[in-house]
Structure formats: C-alpha cells, structure tokens
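The values are calculated or read from the model by the stated rules, or taken from the named source; none is laboratory data. All values derive from a computational prediction rather than experimental measurement. Note: ideal-geometry Cβ built from the backbone for every residue, glycine included; neighbour counts use all protein chains shown. Ligands, DNA and RNA are excluded from the accessible area calculation, which covers all protein heavy atoms including side chains. Shrake-Rupley method; radii C 1.70, N 1.55, O 1.52, S 1.80 Å.
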Number of protein chains: 2
Amino acid sequence: MGIVERKEREREEMRKLILEAAQKLFLANGYEKVSIRNIADEIEYSPATIYLYYKDKNELFFALHQAAFTKLIQEFAPIAQIENPFDKLVEMGRLYLKFAVANPELYDLMFIMTAPIDTLDCRNDVWEDGHHAFLVLQNVVQACIDMGLLKHNDAEQASLMIWSMVHGIVALFLRRRLSMFGDDRVIPLMEESFLLFIKTLETGL
Amino acid sequence: MGIVERKEREREEMRKLILEAAQKLFLANGYEKVSIRNIADEIEYSPATIYLYYKDKNELFFALHQAAFTKLIQEFAPIAQIENPFDKLVEMGRLYLKFAVANPELYDLMFIMTAPIDTLDCRNDVWEDGHHAFLVLQNVVQACIDMGLLKHNDAEQASLMIWSMVHGIVALFLRRRLSMFGDDRVIPLMEESFLLFIKTLETGL
DNA sequence: CAAACTTACTGAACAGTGTTTAGCAAACAA
DNA sequence: TTGTTTGCTAAACACTGTTCAGTAAGTTTG
C-alpha cells in the first residue's frame, strides 16, 4: 500500500515544479511581471491548479523567499573557516553585500518585499529564516565581545546596528535611491561606505 | 483676456484635488489598496479624467512623494537652531527616525517604493528631492569634519554611511523584518540601535 | 445672435490581475 | 463492476491600469 506515499511524493514534486517555474520567471523578468497565469503557462497547467498546491501568491512568494535563504546560507559557508571573529564579521558583511548585488530580486524578496511576510502574519507565524540569520550574526558579534574586540557588551543591539547599516545601503541601492551618484560610482561608493563603517566600528568616525 | 490664466488656475486646482484625494486614501488604506478608480470615486469624476492631469499612476505617486519631501523638510526646520554640527547631526537622525515611524506610508513612498522613481527613470530625470535632502545631511557632516568633530575627511562617504544606517533600521522595521524582537520591544530597540550608532561614531564600537 | 471650433469630461472597452467554483475524467477502493 | 475519491480545468468574478471614441459645454468667430 505505497499509494499514499507515492501521492505524497507526487505532490511534493508538483510543488517543486511550480516553485522552480516561478523562480525562473521571477529571476528572468522581475517579480512585478510574474503572474499566476505566467507560471501556469510555463508548467503547462491551468492557473487553478497552482492553488491546489499553494494557498495564494503570497505563500508561493514565501516559499521562494525560503529558498533564497538557503542560498544565502550556502554562500556564507566559507566564513566558518575564519578564526578571528572580527574578520569573520567583516567577511560576513562583504558576502552579504555581494549576495545582494548579485541577486537583487532574491534580496528584495528576503528583506524588502512585504508579500512573503504577509503569509506569516496571517498565519500568526514567526519569521524563522530571518531570525535564524540574525542569530548567526549575533553569535559572531558575541564572540567579538567575548574576545574584547568590541567594547559594547550588548550583542543584540550591536548586531541590529550592523545589520541595519548593511541592509540600509543595499536597500537604498536596490530601490534606486543612490542614482544621484551616477551609475559608475554607486557600487564603489557602497563598498567604500561599508569599509568606512568597519573602520568606524574600530576607531569611531 | 484672463481666460487662459483662469484655465491654468483651474487645471492646477484639479491636480491638487486629485493629489489630495489620493493622499487621503493613501494614508487611510495604504498604497496597495489605492486604485485610480478609488480616487476617481472620491473626487466624483470618471477614472479617465485623472489621466488628463497625470500621465499615469506612477506620476501621481511621484507627486505624492514630492509632497512628502516638503513635509520632511518642514519637520527638519528646528535643526537650524542647533549650533554644534554634531548635535545637529544627532537631532537630524532622531527627527528622521521619528518621521519614518510617524508616517510609514510617506517614508515608504520616499525611500522604498519604486513607483515614484520609475517616472524619473523613463523621463531621464534625476532624483532632485532625494539629492537635495542628501546634500543637507552632507553639509552638516562637512561642518563636523571642519570643526574636527569627525576625523574622516570624506563627507560624502560618511554621509552615505550615516544615511544607510538610519534608513536601514527604518526599512527593516517598515517592511516588518524586526518582528522577531516582539512588537513591544521593536521601537525601543530601534532607538537604542540609533544611539549606539551615534556612540560608535564618537568612540568606535 | 448663430455657427464653428475647442475643451473637459465620460462610458465603454481592452488586456491584464488574483482567486473561486462547478464539473469532469481518471485513479483508486469496495 | 460498482462507488468513491482525487487531480485538474474552463469559466467566471471582481478587480486593476489605461485608452479612446463620443458628447456636451465653453469659447471664439462671422
């Protein structure tokens, strides 16, 4: 009686098929131009079918947002090799920036768009992916404090400040609020601002 | 022959009527639920009429975004009284944060939504409102440098770093990425993070 | 004043959106 | 071979932004 197991498996495959089609269209055209009908066309099913596997578009976006988090975490793997926690912190920031610039749509989905978060809100769920990622940062900051590399002793506060700065520059860039600096200067300026921030952590501005 | 003048005046009044109706609905229901038809209903005109005064929805959003900037600048007026440029900088940050928390939809329109910026892009225009606001910050930072209150000597870089941090915390909050801290802790945490940032500017983290 | 022209506005349509539902055919269980 | 469940879809609903032909009023001209 392996039928229910097979059904379960088929169901998961269908969810994956939808998700990957959505991801493909999403990365190719940007999230604004991805409609349920587009995705349905892509996988050669009716639009209504998608609703048998995902409650609504927000839930689909939430699943995409989760996939983006696993990608970010993968790209963070190399930092485990770094001994010094402050160097680790700096490299985390650099990789975070790099990820955002290389995957603007994914970053948007993870940290700017409200769509994925809306499903959490209406399910009274917590944002586990985000919380987990924040705790990774907080642990590194705590390690810095423990080794006397940072004098401020509240790791949570310090982590929020650091995340805010890095997110800030990325968010301004992705939502085209740095256009006044000119297209050719923006990316270098972002990097310089990040480096200046690191220097400021060490010795003040 | 004051007819063309009167017509011009009536045109401006109509633009204002549309803008204020849009603003009202916008602040009451959030931008996602404001449609051209809603606005048309509000002012008791046909939806098509709105297109005689604004090219498209983005242009209307751009006009709203401009109005929000004049509001922000108004709220920044008191900082002119402050002598010490570093105190000025701190107060600017505080007012910026306050504005964002008090007017989340306006802040979103100014610094997060892409809609208003899209009209600039397709007109090959520059973001004057944003650039002007940034220069206000940059001037204060430059004054700090000139008085030896900040040691880093590139005011543009330093300003971008400061703006990024403050925008970052606001953007994370407005897009509900700080939910893990609990509704009651978020606002205090934001303020603490900001104060920690100021302290970091002075002496490092 | 009447005719010609201009302007301001609108009803209706177009092409799209997310989402729901009734119904149908195939797969399964009895 | 029945009866039941499952997977899927066509069609519709209620929206969205936007365009355009047509109308009625305002304005200018003869």
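Return the residues of the range B:141-162 that are open to solvent by less than 20 Å² (accessible area, probe 1.4 Å) and free of Cβ contacts under 8 Å to residues at least 60 places away in the same chain; say none if nothing qualifies. Spell out the reasoning first.
Restricting attention to the range B:141-162, the residues satisfying the condition of being open to solvent by less than 20 Å² (accessible area, probe 1.4 Å) are B:141, B:144, B:150, B:155, B:158-162.
B:Val141, B:Cys144, B:Ala155, B:Ala158, B:Ser159, B:Leu160, B:Met161 - these are the residues of the range B:141-162 that are open to solvent by less than 20 Å² (accessible area, probe 1.4 Å) and free of Cβ contacts under 8 Å to residues at least 60 places away in the same chain.
Can you name every residue in the range A:42-67 that is in a helix (DSSP H, G or I) and within 11 Å of DNA strand D (Cβ to nearest atom)?
A:Ile43, A:Pro47, A:Ala48, A:Thr49, A:Ile50
Looking only at the range B:114-138, count every residue that is within 25 Å of B:Pro78 (Cβ to Cβ) and open to solvent by 50 Å² or more (accessible area, probe 1.4 Å) and tell me the total.
Here is the first cut: in the range B:114-138, the ones within 25 Å of B:Pro78 (Cβ to Cβ) are B:128-138.
Of the ones still in play, those that are also open to solvent by 50 Å² or more (accessible area, probe 1.4 Å) are B:128, B:131-132, B:135-136.
Qualifying residue count, the range B:114-138: 5.
Which of the residues that make up the range A:173-205 are of a type in the set (Lys, Arg) and touching a residue at least 60 places away in the same chain (Cβ under 8 Å)? Spell out the reasoning first.
Going residue by residue through the range A:173-205, those that are of a type in the set (Lys, Arg) are A:175-177, A:185, A:199.
Passing the criteria: only A:Arg175.
Test A:Thr200 against the stated conditions and say whether it is polar (S, T, N, Q), modelled with pLDDT of 95 or more and surrounded by 22 or more Cβ atoms within 10 Å (Cβ to Cβ). Before you say what the answer is, go through the steps one by one.
Details: polar (S, T, N, Q): yes; modelled with pLDDT of 95 or more: yes; surrounded by 22 or more Cβ atoms within 10 Å (Cβ to Cβ): yes.
Spelling it out, A:Thr200 is indeed polar (S, T, N, Q), modelled with pLDDT of 95 or more and surrounded by 22 or more Cβ atoms within 10 Å (Cβ to Cβ).
Looking at this structure, is A:Gln23 in contact with a Leu (Cβ under 8 Å, 6 or more places away or on another chain), in a helix (DSSP H, G or I), open to solvent by 50 Å² or more (accessible area, probe 1.4 Å) and modelled with pLDDT of 95 or more? Please lay out each step first, then the result.
Working: in contact with a Leu (Cβ under 8 Å, 6 or more places away or on another chain): yes; in a helix (DSSP H, G or I): yes; open to solvent by 50 Å² or more (accessible area, probe 1.4 Å): yes; modelled with pLDDT of 95 or more: yes.
Yes; evaluated as a whole, the condition is true for this residue.
Out of everything in the range B:123-153 that is more than 8 Å from every other protein chain (Cβ to nearest Cβ) and outside any helix (DSSP H, G or I), what residue ends up being farthest from A:Gly204 (Cα to Cα)? Outline the logic, then answer.
Of all residues in the range B:123-153, those more than 8 Å from every other protein chain (Cβ to nearest Cβ) come to B:123-125, B:128-129, B:132-133, B:135-149, B:153.
So of that shortlist, the ones also outside any helix (DSSP H, G or I) come out as B:123-125, B:147-149, B:153.
Numbers: B:Arg123: 41, B:Asn124: 39, B:Asp125: 37, B:Met147: 16, B:Gly148: 13, B:Leu149: 11, B:Asn153: 13 Å.
Selected residue: B:Arg123.
Cβ-Cβ under 9 Å, sequence separation 6+ or interchain: first residue in the range A:3-29 and in the same structural domain as A:Gln66 (by TED's automatic domain parsing), partner open to solvent by less than 100 Å² (accessible area, probe 1.4 Å) and assigned to a helix (DSSP H, G or I). Which pairs?
Taking only residues 6 or more apart or on different chains, not a single pair turns up.
Looking only at residues that are within 12 Å of DNA strand C (Cβ to nearest atom) and modelled with pLDDT under 95 in the range A:27-48, which one is farthest from the other protein chains (Cβ to nearest Cβ)?
Looking at residues that are within 12 Å of DNA strand C (Cβ to nearest atom) and modelled with pLDDT under 95, I get A:Asn29.
Going by the conditions given, is B:Val170 within 20 Å of A:His131 (Cα to Cα), touching a residue at least 40 places away in the same chain (Cβ under 8 Å) and more than 7 Å from chain A (Cβ to nearest Cβ)? Give the derivation first.
Values: within 20 Å of A:His131 (Cα to Cα): yes; touching a residue at least 40 places away in the same chain (Cβ under 8 Å): yes; more than 7 Å from chain A (Cβ to nearest Cβ): yes.
Criteria met by B:Val170.
If you take the residues in the range A:50-85 that are in contact with a helix residue (DSSP H, G or I) (Cβ under 7 Å, 6 or more places away or on another chain) and among the polar types (S, T, N, Q), which one is farthest from A:Met113 (Cα to Cα)?
A:Gln66
In the range A:81-113, what count of residues is obtained for those that are open to solvent by 30 Å² or more (accessible area, probe 1.4 Å) and small (Gly, Ala, Ser)?
Number satisfying all stated conditions: 1.
Tell me, which residue of the range A:28-80 that is under 21 Å from A:Leu174 (Cβ atoms) and among the β-branched types (Val, Ile, Thr) is surrounded by the most Cβ atoms within 10 Å (Cβ to Cβ)?
It comes out as A:Val34.
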